[in-house]
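**Student:** Questions regarding the structure given below will be posed in turn.
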Amino acid sequence: HLTNYAINKRNPSFIFNKAEDEDNIGHKRSYTAIIQAQNNSEGYSRPQKQIEEIIVKTILSAEEKLVSYYQQCRPLDENVCFEILGFDVMLDERLKPYLIEVNHSPSFSTDAPIDMNVKKHLILDTLNLLQLSY
């Protein structure tokens, strides 16, 4: 979908994902589903490396601002904050990725099973990176 999900889900042509599995038909795709699709395609670009490059270059271009936010959040010299950024990437018919936007405060709503699956794992992975007990 090209427009924001909150808007696009009201479009009569929008196809909601009915299950959390990666083979499901619908307009949302997880990163895992994209990587699986690329491995099964012939004659198409391989978007994984390109998507990773887009993310790294975007973070580097915003590094000064991100460091500023980080410094505002932490008292003294304690490492006490982190940020989850949401990258919206569109793939064309040849699987070429385009960065649409970066969400400073991504949504954690779960309108479909695929949302629950992706966002649950995102939160668990974040807690694991932080080495917090839960």
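**Student:** Select from segment 125-134 the residues that are part of a helix (DSSP H, G or I) and open to solvent by 60 Å² or more (accessible area, probe 1.4 Å) and write down the one among them that is modelled with the lowest pLDDT.
**Tutor:** First, the residues of segment 125-134 that are part of a helix (DSSP H, G or I): 125-130.
From the residues that got through so far, the ones that are open to solvent by 60 Å² or more (accessible area, probe 1.4 Å) too are 125, 128-130.
Numbers: 125: 91, 128: 88, 129: 88, 130: 84.
Filtering segment 125-134 for residues that are part of a helix (DSSP H, G or I) and open to solvent by 60 Å² or more (accessible area, probe 1.4 Å), the one modelled with the lowest pLDDT comes out as 130.
**Student:** When the residues of segment 5-60 are filtered to those that are under 23 Å from residue 111 (Cα atoms) and among the acidic types (Asp, Glu), which remaining residue is modelled with the lowest pLDDT?
**Tutor:** For segment 5-60, the residue satisfying everything is 22.
**Student:** If I ask for residues that are surrounded by 13 or more Cβ atoms within 10 Å (Cβ to Cβ) and out of contact with any strand residue (DSSP E or B) (no Cβ under 8 Å at 6 or more places or on another chain), which ones from segment 105-115 would you list? Give the derivation first.
**Tutor:** First, the residues of segment 105-115 that are surrounded by 13 or more Cβ atoms within 10 Å (Cβ to Cβ): 106-107, 110-115.
Correct list: 110, 111, 112, 113, 114, 115.
**Student:** Counting only residues that are modelled with pLDDT under 85 and not in a helix (DSSP H, G or I), which one in segment 61-75 is surrounded by the most Cβ atoms within 10 Å (Cβ to Cβ)?
**Tutor:** Only one residue fits best here, namely 74.
**Student:** Further, regarding this structure: Are any residues in segment 78-113 aliphatic (A, V, I, L, M), at pLDDT 85 or above and either farther than 23 Å from residue 27 by Cα or not in a strand (DSSP E or B) (or both), and if so, which ones?
**Tutor:** 84, 85, listed by residue number.
The values are calculated or read from the model by the stated rules, or taken from the named source; none is laboratory data. Not measured: the values here are computed from a predicted model. Neighbour counts are summed over all protein chains in view; Cβ atoms, including those assigned to glycine, are modelled from backbone coordinates with ideal geometry. Please note that ligands, DNA and RNA were not included when accessible areas were found on the heavy atoms of the full protein model with its side chains. Shrake-Rupley method; radii C 1.70, N 1.55, O 1.52, S 1.80 Å.
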